[in-house]
Amino acid sequence: MSAIDVITTIKERIDFVDLVAETVAVKRRPTGKKSTMILCPWHGEKTPSMAIYEDGAHCFGCGWHGDVFDWLQKRNNLDFRGALEELARRAGVDLQPLTPEQRRVIEARRAYEDALKVLAQHWAALLTATPAALNYAESRAWTVETLRAEGVGYADGGALPTLGNDQAQKVAEAVNRWAGKHGGALVYIHRDGGRVVYLAARAIAEKAHYNPPSELAGERHPYVNAAYTRNAAPLVIVEGQACAVTLGEWGIPALALAGSGATATLAERLKQHAARGPVYVVPDGDGKTNLAALAEIIGPEMAIIALPDGVKDVNDLAQAGATADSFRELWGLAETWLGGLITAAQAEQG
């Protein structure tokens, strides 16, 4: 097992909420809610401002954000190695001594993600401070609360913070430069296990999308919304980030493929969801969603939620006035992949 795989395994086995509850009063989030709020233990406050999710937390007061490793490091005053050893013990993971190269890879990755978090916070603040950008985001049928929960940001080509990490700085400059050339862009924050791992942009003046070059940012990552958890059942799969944000607005766990492709990591994640409960797919109206590839991963019981004729995607549906209830009506009409094949075959036979 590689060093990165060890970290992933630990995150899957350690319940973040249980870890927080060891020292802070916290209740499980109500059904349909994206998070539960607690008093932040890292700064004095009387009104809860820390949002607790399944795999991480974010404080809207002091800006602290992190996963199980960050929490334990902060709480117990540990370095990363100390937190890794303690969490591995709790998770029942056999932690082999790290080689210098493995340590370098882990530390470099964590430093990069820490810098992306600072960048994400910068762009999220810029969104709320830029009326034209905020108005555009709200025109996509998203509330300010949802934008805040999803961490959606705005880049305009202006000044950037110094991130202290060369790789993250280059990614920031690439996204920012593109956004500036296109009149400003929404920035979607891709998270995994409570940490920022990838960024993608969408121009607000035209329908144009940007993913930073792989040589800078690595392979693309799927986008999971604020309602998503690794134990989500059912789960809805969509193509674009905007659709996942919309489903988050409705309290529905969703994963957007976002051009990431059916990587081995994504396939394993989808198989785990399918083992827990039903998985639904909402194909885009352009017909580009590779349903056959997804069915091969998830299984023939994967269900298809069909959109009304002329509707491009879930976000388009929301902008036309749809609500969570009307989407659930479509959900109730979903047909399994296998059932669709049988229906198509019967139609061909006349």
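In the chain, the calculated helix contribution to ellipticity at 222 nm averages -14000 deg cm²/dmol per residue, counting -39,500 (n - 2.57) for every DSSP H run with n ≥ 4.
Centre-to-centre, using Cα atoms only, region 185-210 and region 128-163 are separated by 11 Å.
The trypsin sites (Lys or Arg not before Pro) of region 157-259 that meet both conditions, a loop assignment by DSSP and at most 10 other Cβ atoms within 10 Å of the site Cβ, are Lys207. Here the simple spin-label model places points 7 Å from the Cα toward Cβ, and for Asn135 and Thr47 these points are separated by 2.7 nm.
On full extension, the segment bounded by Leu78 and Thr23 gains 18.2 nm, given 0.36 nm per residue less the C-alpha separation. Given R0 = 25 Å, the distance between the Cβ atoms of Leu291 and Ala205 translates into a calculated FRET efficiency of 0.15.
Between amide H atoms placed 1.01 Å from N, distances below 5 Å from Gly66 occur with Ala57, all of them 5 or more places distant or on a separate chain. Exposed loop sites are taken as GluC sites (Glu not before Pro) in a DSSP loop (any state but H, G, I, E or B) with at most 13 other beta carbon atoms within 10 Å; the longest stretch of the chain without one runs 23-205.
Remark: relative contact order (region 1-131) = 20 percent; criterion is Cα-Cα distance under 8 angstrom and separation of 6 or more residues.
Available extension along the chain between Ala324 and Lys312 is 2.6 nm, counting 0.36 nm per residue and deducting the alpha carbon span.
Among residues other than Ile14 whose Cβ falls under 12 Å from its Cβ, what is the net charge (Lys/Arg +1, Asp/Glu -1)? Result for the neighbourhood of Ile14: -3.
Heavy-atom surface analysis with a 1.4 Å probe gives the chain a carbon and sulfur content of 51 percent of its accessible area. Mean sequence separation of contacting Cα pairs (under 8 Å, at least six apart), scaled by the length of region 95-209, corresponds to a relative contact order of 27 percent. Can you figure out the FRET efficiency of Ala91 with Glu335, using R₀ = 30 Å and their beta-carbon distance, to the nearest 0.05? Between Ala91 and Glu335 the formula returns 0.15. Cα-Cα over 26 Å: which of Lys11/Lys271; Lys170/Lys207; Lys181/Lys288; Lys27/Lys74; Lys207/Lys288; Lys117/Lys271? Result: Lys181/Lys288; Lys117/Lys271 exceed 26 Å. Over the chain, what is the mean sequence separation of C-alpha contacts under 8 Å (at least six apart), divided by residue count, expressed as relative contact order in percent? RCO, the chain: 12 percent.
Maximal additional length on extending the Glu219-Leu98 stretch stands at 41.1 nm, based on 0.36 nm per residue less the C-alpha distance.
I'd like to verify something in the chain: which complete DSSP H helices, judged by Cα projection on the helix axis, reach 20 Å or more and average at least 1.6 on the Kyte-Doolittle scale? Both cut-offs are met by no helix.
The values are calculated or read from the model by the stated rules, or taken from the named source; none is laboratory data. Since the model is a prediction, treat every value here as computed from it, not as a measurement. Virtual Cβ from ideal backbone geometry, glycine too; neighbours counted across all protein chains shown. Heavy atoms of the whole protein, side chains included, go into the accessibility calculation; ligands, DNA and RNA do not. Shrake-Rupley method; radii C 1.70, N 1.55, O 1.52, S 1.80 Å.
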